[in-house]
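First the structure, in the form of structure tokens, and then the observations on it.
The values are calculated or read from the model by the stated rules, or taken from the named source; none is laboratory data. Here the structure is a predicted model, which means the values were calculated and not measured. Because the Cβ atoms are built from the backbone with ideal geometry, glycine has one as well, and the counts that use them run over all protein chains shown. We work out accessible area using only protein heavy atoms, side chains counted, and drop any ligands, DNA or RNA first. Shrake-Rupley method; radii C 1.70, N 1.55, O 1.52, S 1.80 Å.
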Amino acid sequence: MAYLLRTLNILMLVGVVITVLSALGAVEFTLNHIQLAIPVFIYTIFAQAFIMFYFIGVSRLVTNVYNILDSTTNLKELFDQAPKDLQPYKTKVAKFVHDSTTCKRQTIPWTMLILILGMIAFLLGGAHDTGMVAKTTHSGVVYGFSGALLIGFYKQWIYLGKSHVLLRKIKALFSIPDGQM
């Protein structure tokens, strides 16, 4: 899943770069940058929503596993034959909970900033097109959006890898098949 999300993220970044380059006049397309911006931003919303829910889902899964271990009810969901001493499992899963929460906290604020700045830039683009806002206002927000996108892309790339490894570790700990959540 992390590889799919990384691919979605790369396609999003390429689309935004092409749109910005088109607006700056560095590349020529049959479509102008306004016509490019509409599908690119819709795709950005789609990709960022997927990424955000991935981190929320990983964190929720790991927290649920910890809650099962802590309450000792429904241990049959994790073990065929539950061991008498659950402390080693609790210790490892507590570390996983911390790691998944860190991944979520490091990426979701950037996701939200990307979406908010993107929406503002999109709306200001329409306002500029109708003559209500100066070009510098729209451009400034687009540059802010681009900066947030680059930082967010980097953080999401790193933490998608860490979450992928974390899922592998928790699945290996409880002998859960790779295709199962």
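Worth a mention:
- Pairwise alpha-carbon distances in the stretch 64-157 exceed 17 Å for 65% of all pairs.
- In percent, rounded to a whole number, the relative contact order of the stretch 69-152 is 28, using alpha-carbon pairs under 8 Å and six or more apart.
- Shape descriptor for the chain: Rg over Rh equals 1.15 (Cα atoms; Rh from the Kirkwood inverse mean 1/r).
- At a probe radius of 1.4 angstrom, the accessible area of the stretch 51-181 per residue rounds to 58 square angstrom.
- Other residues within the sphere of radius under 13 Å centred on the Cβ of ILE51, judged by their own Cβ, net out at +3 (K and R +1, D and E -1).
- Net +/- balance of residues flanking ALA82 in space, Cβ distance below 14 Å, scoring K and R +1, D and E -1: -1
- Stretchable slack from LYS76 to GLU28, in nm (0.36 nm times residue separation minus alpha-carbon distance): 11.2 nm
- Cα-based reach from LYS84 at 20 Å (exclusive), listing aspartates and glutamates while leaving out same-chain residues under 8 positions away: ASP70
- For VAL27, residues with placed amide H under 5 Å, excluding near neighbours: SER22
- Ordered by solvent-accessible area of protein heavy atoms (1.4 Å probe), largest first, the residues PHE174, PHE29 come out as PHE29, PHE174.
- Comparing PHE153, GLY126, CYS103 along the charge dipole axis of the stretch 59-181, the residue lying farthest to the positive side is CYS103, per the Cβ-charge model.
- Accessible surface ranking that places the most exposed of LEU166, LEU173, LEU4 first, with a 1.4 angstrom probe: LEU4, LEU173, LEU166
- Under 16 Å from LYS95, Cα to Cα: lysines that are on another chain or at least 8 residues apart: LYS104, LYS162, LYS169, LYS171
- Rounded to 10°, Cα long-axis angle of helix 2-24 versus longest principal axis of the chain: 10 degrees
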